[in-house]
1. Of all residues in the stretch 152-185 being part of a loop (DSSP other than H, G, I, E, B) and either of a type in the set (Phe, Trp, Tyr) or more than 17 Å from ARG37 (Cα to Cα) (or both), which is modelled with the highest pLDDT?
2. Filter the stretch 33-44 down to the residues that are in contact with a Leu (Cβ under 8 Å, 6 or more places away or on another chain) and open to solvent by less than 50 Å² (accessible area, probe 1.4 Å) and list them by number.
3. Kindly indicate the residue of the stretch 45-63 that is outside any helix (DSSP H, G or I) and open to solvent by less than 60 Å² (accessible area, probe 1.4 Å) and also modelled with the lowest pLDDT among those meeting that condition.
4. Go through the stretch 132-150 and give me each residue that's touching a helix residue (DSSP H, G or I) at 6+ places or on another chain (Cβ under 6 Å) and either farther than 20 Å from LEU53 by Cα or part of a loop (DSSP other than H, G, I, E, B) (or both).
5. Would you be able to say whether some residue in the stretch 24-33 is of a type in the set (Lys, Arg), assigned to a helix (DSSP H, G or I) and either under 18 Å from GLY174 (Cα atoms) or modelled with pLDDT of 75 or more (or both)?
6. Select from the stretch 85-99 the residues that are open to solvent by less than 60 Å² (accessible area, probe 1.4 Å) and either over 23 Å from the mean Cα position of the chain (by Cα) or farther than 19 Å from CYS111 by Cβ (or both) and list them in ascending order.
7. Given (1) modelled with pLDDT under 80; (2) surrounded by 14 or more Cβ atoms within 10 Å (Cβ to Cβ); (3) of a type in the set (Phe, Trp, Tyr), identify the lone condition not met by TRP66.
Amino acid sequence: MDSLELPKRIFTLGEEPFPIKSITYHTDDSKLFSAVRDALHDDEYEELKESRLGVFLKFKEMDFGWASRLGHYMLCFQLNIKKKYELWSLVGADPVRFSLIEFEQLTGLNCEYIEHLENPRCEVTNEMTSFWERIGVSVDAGPSSEQIIRALKRCQEWSRDDRMRLGYLAIFSGFIEGRKYSSAT
């Protein structure tokens, strides 16, 4: 059988980025996970875990760390393609597709098309401003994981809704966006 001609790889073999500097390194924050677990009441934590974003808490509870290594591998052996919402990677000599369809199937997250995804519009409400003030951050900058952890340590007297919001924000910051600990979300 003739070998299939594939697009070039994004990274030259042997020059892939070091994993410590990648998103996979920043999405495994045990301090953030522990702070969420400690801050929420048992019923709140279970509700968060059973939500659409709860899959990240379940992965963390199962010590699913290999997912980060797999993600890093797929990004390092990624092929340079033109499709916006697909990632093609080499596994050995074979190409493998990973798109939003597969991501939605694995995580259960809603991956439907969103218009203006690069520049989403969000109306800043008084309730939102009040919540950001309660966390102690600017509405414009948004919180870092470090600030979220500090807020989680002092949220026991907050309303249930605000504690849940903080839990969802922690999942977004620590597991989805995966920025450096001190970088704003």
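The values are calculated or read from the model by the stated rules, or taken from the named source; none is laboratory data. Remember, it's a predicted structure, so these values are computed and weren't measured experimentally. Positions of Cβ are backbone-derived with ideal geometry, glycine not excepted, and every protein chain shown enters the neighbour counts. Accessible surface is based on the protein model in full, side chains and every heavy atom, while ligands, DNA and RNA are left aside. Shrake-Rupley method; radii C 1.70, N 1.55, O 1.52, S 1.80 Å.
1. TRP158
2. PHE33, ALA35, VAL36, ALA39, LEU40
3. LEU53
4. ILE135, VAL137, VAL139, PRO143 - these are the residues of the stretch 132-150 that are touching a helix residue (DSSP H, G or I) at 6+ places or on another chain (Cβ under 6 Å) and either farther than 20 Å from LEU53 by Cα or part of a loop (DSSP other than H, G, I, E, B) (or both).
5. Yes - at least one qualifying residue is present in the stretch 24-33.
6. Matches in the stretch 85-99: LEU90, PRO95.
7. The one condition TRP66 does not meet is (2).
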